[in-house]
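Here is the structure we will look at, set down as structure tokens.
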Amino acid sequence: MLATTLPAGAQTTPARPAAPATPAPAAAPAAAPVSGSTLDAIRSRGTLICGVNTGLAGFAAPNSQGVWQGFDVDYCRALAIAIFNDASKVRYVPTTAQNRFTALQSGEVDILSRNTTWTLSRDTSLGFDFAATNFYDGQGFMVKRSLNVNNANQLDGATVCVQPGTTTEQNLADWARGARIQIRPVVIERLEDNIAAYIAGRCDAYTTDVSGLAATRAVQQNPNDHVILPQVISKEPLGPLFRHGDQRFGDLVRWLHFGLVGAEEFGITTANVDQMLANDPRPEVQRMLGRTGGLGQMLGVDNAWMVNVLKGVGNYGEIFQRNLAPIGLQRGPNALWTQPGGQQYAPPFR
């Protein structure tokens, strides 16, 4: 049984017991779809508007010069290159777990490229479509090393910081019920406040996707003071969302991901893409890179779109290595399907 001693004078957020799973309330009706083609609107405006996280290391965060960087940001940049052949034609809109869906429904953003889990209700009643799973994740726990906890089942009686209105909160209650242990959630809305509460000792543990735990751990003054427990308690397939009913735009976003994965499988990189275009005899490579087949036109973009994208951001593996390896994430299920345990797989370019 764990208990937290709060710092003197700390403002507390009331802990509440993890309740048994109950039917979710009916989702609010989705806003009326934004009329017209998203791709046409983006071209007319001259800028892609991309909803991203408010700041998550490795995925989406501004650097010291205010330039947005990260795995999800690179997907936005890649999409801008596909449409405009210009990675700079993106405006990034930070969205929270609470306002992200409203921002997409209302047309404030063209696409959400942030850590959002693909679920049935989000794919139906909210009026969205997920283009693809570009990151296979799962929910876990992080604790301070000084707590001497090495297994999630040792969290019986613990307080756990969690964001409300997320699959994370629901998963926590479901897992605790299934494991027959008592968890006291400390529910704090803003991501930054959630992390600050955990660091300050207001909770024994912090729970979110393992990728988010790694991102949080990486930016602490002493990362080794924090331990990510080995248990993963959920499936969290993450990927970009677009508004339901605009399949033309959705096809482009979906095949952008497949192009990045397929390029890695074929060994096409930023450094060798021109050489592969000129010399690789494989028909699928030539179709992917736009020399034959006219596949880009089928998506409403230039046939050389993947050449331009790969020159600008690299293939899936390059994007992963640049953004996520530095925060300690391994490829795991996000390796290519040709690698042990890998699940990233692109349909044929034909």
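The values are calculated or read from the model by the stated rules, or taken from the named source; none is laboratory data. The structure presented is a predicted model; accordingly, all values stated were derived computationally and were not measured. Backbone-built Cβ (ideal geometry, glycine too); neighbour counts: all protein chains shown. Just so you know, the surface numbers come from the protein's heavy atoms only, side chains and all, with ligands and any DNA or RNA stripped out. Shrake-Rupley method; radii C 1.70, N 1.55, O 1.52, S 1.80 Å.
The table for this structure:
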read-out	value
Accessible carbon and sulfur surface of the chain relative to its total accessible area, %, 1.4 Å	51 percent
Probe 1.4 Å - accessible area at Arg331, Å² to nearest ten	60 Å²
Around Ala214: net Lys/Arg minus Asp/Glu count, Cβ-Cβ under 14 Å	-1
Alpha-carbon centroids, the range 232-297 and the range 151-192: separation in whole Å	37 Å
The chain: Cα Rg divided by the 2.2 N^0.38 Å rule of thumb	1.04
Net charge contributed by nearby residues that have their C-beta within less than 13 Å of Gly342 (K/R +1, D/E -1)	-1
Kirkwood hydrodynamic radius of the range 147-235, from inverse mean 1/r over distinct Cα pairs, in Å	13.2 Å
Per residue solvent-accessible surface (Å²) - the chain, probe of 1.4 Å	45 Å²
The chain: calculated mean residue ellipticity at 222 nm from DSSP helix runs of at least 4, using -39500 (n - 2.57)	-9500 deg cm²/dmol
Which of Asp137, Asp110, Asp302 is most accessible, then next, and so on - probe 1.4 Å	Asp302, Asp137, Asp110
Sum of side-chain charges, Glu108 neighbourhood, beta-carbon under 14 Å (Lys, Arg +1; Asp, Glu -1)	+4
Rounded, prolate or oblate (a/c below 1.5 giving rounded, otherwise prolate when a/b exceeds b/c) for the range 220-322 by Cα gyration tensor	oblate
